[in-house]
Amino acid sequence: MNFPILSTILLCPIVGLFLILLTPRKYENLIRWIALLSSSGALALSIYLCFIFDASNPSFQYVERIEWIKSYGIHYTNAVDGLNVSMLLLTGIVIFCGILVSWSVTYRVKDFFANMLFLVSGVFGVFMTTNLFFFFLFYEVAVIPMYLLIVIWGSTNKQYAAMKLTLYLLLGSALMFAGFLYIYSLPGAHTFDLVTLKQNVVFTSQNQDILFLGLFLGFGVLAACFPFHVWSPDGHVAAPTAASMLHAGVLMKLGAYGILRVAIYLLPQGARHWATMIAILALCNIVYGAMVATQQRDLKYIIGYSSVSHMGIVLLGIATMTTIGFNGALFQMFSHGVMTALFFACVGFIYDGCHTRMLDELGGLSKKAPVISAFFIIAGLCGLGLPGMGSFVAELLVTIAAVKTYPVIGITSIIALLITAYYVLTAVQKAFYGPLNPHHEHFKDLDLLQFFPRAILVACLIFFGIFPQVFINWIWLSTKSLLGG
Amino acid sequence: MNLLLFLPETILLIFLTLLLCLTLLKKELTEKMLMPFVGSFAFVLLAAAFCSLRVSGDLFYSTYRIDLLSQGFKILLSLVFFFIFLLSGESVSIQKERRLEYFFFLSTATLGMMMITSSVNILTLYISLELSAYSLYLLSAFKQGRRDAEASVKYLIFGAATSGFFLWGFSLIAGLAGTTNLLEISKNVPVLITQPAFSLGLVFASFSFLFKLSGFPVHFWAPDVYESSATPVTAFIATASKAAAVAILIRILMLMGLTHAFVIILGTMAFISMTLGNTVALVQQDVKRLLAYSSIAQAGYILVGLLAGSFDGYTSCLFYALAYVLMNAGAFMVTVLVAKASDHDNPQMAHFDGLADRSPFLALILLLSLLSLAGIPPLVGFTGKWILFSSAMDKGHWFLVLSGVLNSVVSLFYYLTIVKHAYLEKPKTNTPLVLSMPMKLLGLFLFCAIVFLGIFPNYFITFAQTAIQQLGAF
């Protein structure tokens with residue numbers, strides 16, 4: 001067996017977690033460094049994986065397989081293809097920057113970083129496993145630390161938001177759980193291994209329809225699909241900065257990834273059956289999320305609802321059931337992940353300095369802090385789909401596919417992008433231009449340590465905006481084989 | 001006769017006799033000697049249970065069967081006994097001068113439960129059920145106060161009623177089969193199954209086991225008894241008693257088989273147990289009462305696995321029983337220590353405030369055991385629930401599985417509420433909660449068990465499979 005690179009990526013945060021648990025809580029800096037080292041290990045390996053990954057091979061690579069619970073068809077299997085290689089990279093980037101951004105956390109440092117690493121090991125696990133048991137296991141591992149992160153280190157109505165988020169997500173996972181077990185009980189199955197299921201099980205069209213609906217609803221909750229999105233803005237707002245970054249940047253992508261990896265992979269007919277419904281829901285996401293965002297005064301709520309709107313684009317791409325649409329969806333997942341992480345990293349910094357996120361109480365910040373303002377504006381421009389940014393390519397691909405498949409929905413979604421431009425520009429104008437609020441006279445700009453993580457995120461956005469071909473090359477064949485099978 | 005066959009029970013019998021002798025000594029001397037004495041015996045009992053793990057055979061004219069199922073459960077019961085011994089030292093509500101009686105009845109209850117797991121005759125089964133039940137009635141009245149006596153009387157009356165049902169049901173079965181030997185009866189099941197009286201008898205008899213498991217419709221005693229008993233006793237009822245009930249349910253159901261009607265009745269009970277337990281638990285403030293309702297809900301999950309009636313179903317039930325004992329033990333350990341720290345034997349949610357600041361380790365144990373009860377990975381409760389539900393789904397019980405998983409979401413709300421109190425609320429006193437060395441070790445043991453069995457369950461699942469294979473062919 002070759003070097004198990006996927007498990008090593010997974011082990012990085014887990015080893016870090018155990019080291020942190022063993023460190024006495026008074027060594028706060030040591031704890032921070034352990035967290036940083038383990039996340040940079042994971043990042044380095046996931047970048048390395050992008051280089052050694054063979055894009056010309058659409059099937060699973062670097063397969064690792066260990067028998068776990070034999071009699072229930074549970075194997076510990078990891079594999080990588082175009083779908084998850086990009087997601088692993090995204091997770092690596094966001095956690096690395098998240099740890100750096102939360103360097104300034106001082107309350108219960110040990111618990112904070114332990115939770116962060118625990119969460120991210122769940123996320124890595126979901127993205128690399130090809131067994132439904134482990135998929136579910138890692139998925140819930142990613143949800144529970146979120147509760148603690150919000151409830152202990154959060155702000156703004158945190159108890160309500162944390163409980164709402166957890167119950168919603170677990171309701172979604174309950175549907176997933178039931179769906180997985182139903183698949184397991186089908187004739188010929190008796191395994192949770194995705195590849196074996198795909199080969200051995202013949203899903204009747206009735207099963208396809210019911211199962212896909214159940215799984216879609218389950219994953220849809222996490223992907224913030226309308227009308228199950230209500231947990232997400234509250235959760236984003238209440239969470240501490242790094243948790244918001246991970247949450248909006250990576251966690252929401254788990255849902256969309258699940259739809260692709262499990263639901264569409266196993267049940268393509270079911271997906272076609274419900275595609276129109278998904279497209280309509282996705283349009284609701286795009287339009288409704290953007291409309292609500294125009295009415296918000298709290299910067300974090302604006303970003304929260306913009307995430308709902310942008311996840312709609314991902315879902316719309318999936319709903320087209322075409323290679324271009326899938327590519328757009330995946331690209332949007334990646335660039336939206338980086339973009340929201342940047343958004344939250346900026347807002348977190350502004351909130352720490354000004355102690356408010358209300359648009360009316362901010363103003364003129366670009367005079368005092370040009371760098372953080374520039375970062376926020378870059379994220380904003382990416383959000384409204386400026387050419388040269390990652391999101392532009394993603395939205396273009398999705399729109400092309402959507403207009404072809406669902407002309408009305410596709411064109412409406414283009415119009416909705418104008419609303420996005422409106423609220424992003426209003427927010428930028430109110431917060432960073434105009435007269436400076438005298439309360440924020442002492443607001444200081446980023447120092448080098450705080451500059452670094454945000455700069456990485458900006459660099460990613462611009463790099464993939466200018467060279468989208470790099471990204472498309474990774475995913476192209478895998479999305480194609482997803483439809484061809 | 002092989003001495004090993006009856007070893008754990010023999011040890012307990014010797015221990016009981018010695019305890020009686022101990023009462024003859026001077027009072028001060030007894031008080032001084034008691035704890036080390038019980039502790040060493042609990043240890044010997046555990047060792048004996050391990051020694052006799054792999055033996056098998058029949059005793060007492062085939063009324064008593066020693067096999068892997070019974071021996072496995074005996075280890076579990078001795079573990080629980082050891083655990084309760086450790087907790088009893090920390091409890092506020094068991095007075096020093098009554099400790100001897102307390103341990104006496106604790107041991108008789110354990111003896112009864114061990115015998116339950118081995119009984120293959122209606123008579124031995126009845127005797128062992130009553131032995132454990134009467135000891136528990138007495139134990140639950142160990143705290144002084146009117147309210148506690150009320151709960152104990154309630155327990156007694158309900159228990160007596162269900163054991164009446166037990167006798168009625170089994171008298172029907174024995175009358176039809178012409179024997180009291182369960183193994184003989186099981187050979188005649190294909191003939192007997194056509195008789196309505198047989199099914200009726202089986203349903204009546206199972207009330208008695210459901211009572212121990214605190215499942216609907218015989219769950220009413222649980223909240224009151226849990227609330228008013230001394231906390232270690234509650235812990236004992238919540239762990240040992242449940243384990244014994246699962247053991248005997250597995251044995252009886254495997255011998256008698258599941259008819260369609262029986263599955264429907266059990267399924268309804270499972271559904272109501274889960275839903276009722278979880279719904280009512282949502283509004284509880286008293287932690288022990290809350291855990292009682294959670295145990296009613298858990299009884300429902302276990303029933304779902306049992307009525308799958310398949311090899312996998314029974315295996316997963318066995319595994320889940322182990323998981324259930326571990327995670328409940330964790331929850332009760334924290335409850336006992338919080339009760340001790342606040343000098344209040346009925347800790348409310350508010351008593352858990354700021355536990356994470358006062359003792360991070362204890363808060364972690366609480367977090368893990370509650371999340372495990374809610375079925376959150378990678379803990380043992382999750383793995384247990386996964387295999388439990390997947391074997392039920394395999395047999396087409398999709399409705400029960402769906403309501404089971406939805407119920408788990410509901411249950412998370414109240415488990416997280418306790419967690420929230422422990423991690424979020426400000427403590428009323430800032431004095432750190434210091435753990436004694438045995439408690440630290442116990443906590444560490446439970447921590448490791450809950451996490452590692454969740455991630456690496458394969459050994460124990462294989463063990464459970466071997467145990468089930470010995471019972472019958474599939």
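Structure data summary
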| read-out | value |
| --- | --- |
| Rounded to whole Hz, the Karplus (6.51, -1.76, 1.60) HN-Hα couplings of the range B:239-254, x for glycine and proline | 10, 5, 4, 5, 4, 4, 5, 5, 4, 6, 4, 4, 4, 5, 5, 5 |
| Value at 222 nm in deg cm²/dmol, rounded to 500, when DSSP H runs of n ≥ 4 in the protein assembly as shown each add -39,500 (n - 2.57) | -25000 deg cm²/dmol |
| Loop-located chymotrypsin sites (Phe, Trp or Tyr not before Pro) in the range B:23-98 whose Cβ has at most 10 other Cβ within 10 Å (DSSP) | B:61 |
| Residue-by-residue Karplus 3J(HN,Hα) for the range B:161-178, coefficients 6.51, -1.76, 1.60, Hz, glycine and proline x | 4, 5, 6, x, 4, 4, 5, 4, x, 6, 5, 4, 5, 5, x, 5, 8, x |
| Nearby lysines by direct alpha-carbon distance to residue B:26 (threshold 19 angstrom, same-chain neighbours under 8 apart not counted) | B:96 |
| Equivalent ellipsoid semi-axes, the range A:5-484, via Cα gyration tensor eigenvalues times 5, rooted, Å | 34, 26, 20 |
| Gap separating the Cα centres of the range B:393-418 and the range A:321-395, nearest whole Å | 39 Å |
| Part-to-part distance (alpha-carbon centres) for the range B:294-354 and the range A:211-283, which is given in Å | 33 Å |
| Residue A:297/residue B:62 FRET efficiency (R0 56 Å; Cβ-Cβ; nearest 0.05) | 0.10 |
| Cβ-based charge dipole, chain A, positive-most Cα from A:258, A:400, A:349 | A:349 |
| Per DSSP, loop chymotrypsin sites (Phe, Trp or Tyr not before Pro) in the range A:352-459 with at most 16 further Cβ within 10 Å | A:433 |
| Rounded Å value of the spacing that divides the Cα centres of the range A:129-189 and the range B:78-157 | 39 Å |
| Cross-link reach list, aspartates and glutamates versus residue B:143, counting only Cα pairs under 16 Å and skipping chain neighbours closer than eight places | B:90, B:97, B:101, B:224, B:227, B:343, B:345 |
| Whole-Hz ³J(HN,Hα) from phi, Karplus 6.51 cos²θ - 1.76 cosθ + 1.60, for the range B:20-29, glycine and proline x | 4, 4, 4, 5, 6, 6, 5, 4, 5, 5 |
| Helix A:407-432 axis, angle to chain A major axis (alpha carbon atoms, nearest 10°) | 30 degrees |
| Check: the range B:258-474 dipole with +1 on Lys, Arg Cβ and -1 on Asp, Glu Cβ, in debye | 180 debye |
| Listed pairs B:74/B:288; A:368/A:444; A:158/B:420; A:158/A:253; B:74/B:340 exceeding 18 Å between Cα atoms | B:74/B:288; A:158/A:253; B:74/B:340 |
| Rounded tilt (10° steps) of A:28-52 against the dominant C-alpha axis of chain A | 50 degrees |
| Extension gain from residue A:57 to residue A:277, taking 0.36 nm per residue of separation minus the Cα-Cα distance | 75.9 nm |
| Nearby lysines by direct alpha-carbon distance to residue B:395 (threshold 17 angstrom, same-chain neighbours under 8 apart not counted) | B:385 |
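Every number in this text was worked out from the coordinates using simple rules, so none of it is lab data. Computed from a predicted structure; not experimentally measured. Cβ atoms come from the backbone with ideal geometry, glycine included; neighbour counts cover every protein chain shown.
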